[in-house]
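Everything on this sheet refers to the single structure shown next.
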Amino acid sequence: DAGITQSPRHKVTETGTPVTLRCHQTENHRYMYWYRQDPGHGLRLIHYSYGVKDTDKGEVSDGYSVSRSKTEDFLLTLESATSSQTSVYFCAIRQGDRDYTFGSGTRLTVV
Amino acid sequence: QQQVKQSPQSLIVQKGGIPIINCAYENTAFDYFPWYQQFPGKGPALLIAIRPDVSEKKEGRFTISFNKSAKQFSLHIMDSQPGDSATYFCAASRAGNEKLTFGTGTRLTIIP
């Protein structure tokens, strides 16, 4: 998928624990995004980045933080996981003018 | 507030039929309308996209119809095949805004 790797692919964690998801790209794209996918809600933007150390909030950013210390890595952190954060998380990069390429996703279950 | 409304939520069509998925948007500043296709266990992938200066765009068996006055656009799949069974998302974005807004998705099943 155009050099995007998400890790881990699956994770089960307990309520209240911190969780970090990683997105790694190999093509030096400036824009990176984190979405969550839930039935009935489609894809909703959590946070995005427009460069190293440059990030901004999306529509569902509460309970999430991000960091981008290198062009190739965009990290999503759940400081204290809750059951409502059980979801499939997708990282995306923007290629060309407006087109996105998505990673294969991370399925996160909070128990 | 949902800026891009997609329907139906699910759709079952026989092989060879023409499934139609509809989307409506509210923000008249949107000027780019892509469709993404997602297979189980995979991330969404760009299928086809249209800009509002044209009313229709075809790529193979996939066609987007665009109605600017009604603020609606739709995806048609000609001669549908079981391999087209997937979830389809419409989306919209506007110039100068780095974010893509998605519809809620349509789960399409093509039965043999």
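The values are calculated or read from the model by the stated rules, or taken from the named source; none is laboratory data. Note that the structure is a prediction, hence the values are computed from the model and not measured. Cβ placement follows ideal geometry from the backbone for every residue including glycine, while neighbour counts extend to all protein chains displayed. For accessibility, only protein heavy atoms count, side chains too; no ligands or nucleic acids. Shrake-Rupley method; radii C 1.70, N 1.55, O 1.52, S 1.80 Å.
Worth pointing out:
- Accessible surface area normalised per residue over the protein assembly as shown is 47 Å², counting heavy atoms of protein chains with a 1.4 Å rolling probe.
- Computed over the range B:40-112: relative contact order in percent, which uses C-alpha pairs under 8 Å that are six or more apart: 21 percent
- Note on chain A: antiparallel DSSP beta bridges, both residues inside, total approximately 90 percent of the bridges counted.
- Listed by chain and number, the lysines placed with their C-alpha closer than 25 angstrom to that of residue B:15 are B:42, B:57, B:58; residues fewer than eight positions away on the same chain are left out.
- Euclidean distance of C-alpha centroids, the range B:36-52 and the range A:1-35, integer Å: 19 Å
- Ordered from largest to smallest accessible area (heavy atoms of protein chains, 1.4 Å probe), the residues A:32, B:78 come out as B:78, A:32.
- Comparing B:12, B:20, B:64 in a Gaussian network model of chain B, where Cα atoms under 10 Å apart are tied by springs, the biggest mean-square fluctuation is seen for B:12.
- Principal semi-axes in Å for the range A:4-110 [√(5λ), Cα gyration tensor, largest first]: 21, 14, 13
- Three-way shape label, chain B, alpha-carbon gyration tensor, a/c 1.5: prolate
- Accessible area buried at the A-B interface, both sides summed, 1.4 Å probe (Å², nearest 100): 1700 Å²
- Size of charge dipole - the protein assembly as shown - debye, nearest 20, with Cβ of Lys, Arg +1 and Asp, Glu -1, no other charges: 180 debye
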